[in-house]
Every structure is written in structure tokens, then in C-alpha cells.
Amino acid sequence: MEKVQIEGQYITLGQLLKHQSLIDTGGQAKWFLTEKEVLVNGIRETRRGKKLYDGDMVQIEGERTFIIAVKD
């Protein structure tokens, strides 16, 4: 499990994918989310604009797991 530290209250799912170098551009997020199984707190998610808050867990293809944490 990888901890992703964010500034502010939230990060969008598309921003997270780009931040973790899983996509190169924001436009690729829509394709990525339809082709890969992405779970947010155990629920399948296909919206790139989904807001992720402190404590949310994102799992990609059952291989990589991220936990969102707000920087202190």
C-alpha cells in the first residue's frame, strides 16, 4: 500500500492517476478508467472527477493500492 500525500481537502481520481505516472495526460484518464478495474473504497469507479479525501483507498487492477493522506 502506497500513501499519497495531498495538499488541500481532496484530489480527483484523474489527478491521482497522473500524479502516480499511470497516465501521461488528463485526457487519458477516461480511457484508463474504462479499461482498468479501479476501486475506490471497494466500489468500482469510472469517473475521473471523483473526489478523493483523506483516508480514501484506491485499488488498481488488484495490484496497486493507494491511501490518500492530507499533508500536515
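The values are calculated or read from the model by the stated rules, or taken from the named source; none is laboratory data. Just so you know, these numbers come straight off a predicted model, no measurement behind them. Note that each Cβ is placed from the backbone with ideal geometry, even for glycine, and that neighbours are counted across all protein chains shown. Only protein heavy atoms, including side chains, enter the accessible area calculation; ligands, DNA and RNA are left aside. Shrake-Rupley method; radii C 1.70, N 1.55, O 1.52, S 1.80 Å.
Points to keep in mind about this one:
- The listed residue being over 23 Å from Glu7 (Cα atoms) and open to solvent by 90 Å² or more (accessible area, probe 1.4 Å), out of Arg44, Arg48: Arg44
- The residue that is modelled with the lowest pLDDT, among those in region 18-32 that are under 19 Å from Ile6 (Cβ atoms) and of a type outside the set (Val, Ile, Thr), is Gly26.
- Residue list for region 51-69, filter: under 12 Å from Met1 (Cβ atoms), surrounded by 11 or more Cβ atoms within 10 Å (Cβ to Cβ) and more than 10 Å from the chain's Cα centre (by Cα): Arg64, Ala69
- The residues in region 34-45 that are under 11 Å from Val58 (Cβ atoms) and in contact with a Lys or Arg (Cβ under 8 Å, 6 or more places away or on another chain) can be counted, and the count is 2.
- Restricted to the chain, the set of strands (runs of 3 or more DSSP E) holding at least 1 residues that are touching a residue at least 12 places away in the same chain (Cβ under 8 Å) and of a type in the set (Val, Ile, Thr) comprises 2-6, 10-12, 38-40, 57-60, 64-70.
- Of the residues making up region 4-25, those that are exposed (fewer than 14 other Cβ atoms within 10 Å of the Cβ) and more than 19 Å from Glu61 (Cβ to Cβ) are Gln5, Glu7, Gly8, Gln9, Thr25.
- Among the conditions (1) modelled with pLDDT under 95; (2) open to solvent by less than 80 Å² (accessible area, probe 1.4 Å), the only one that Asp72 does not satisfy is (2).
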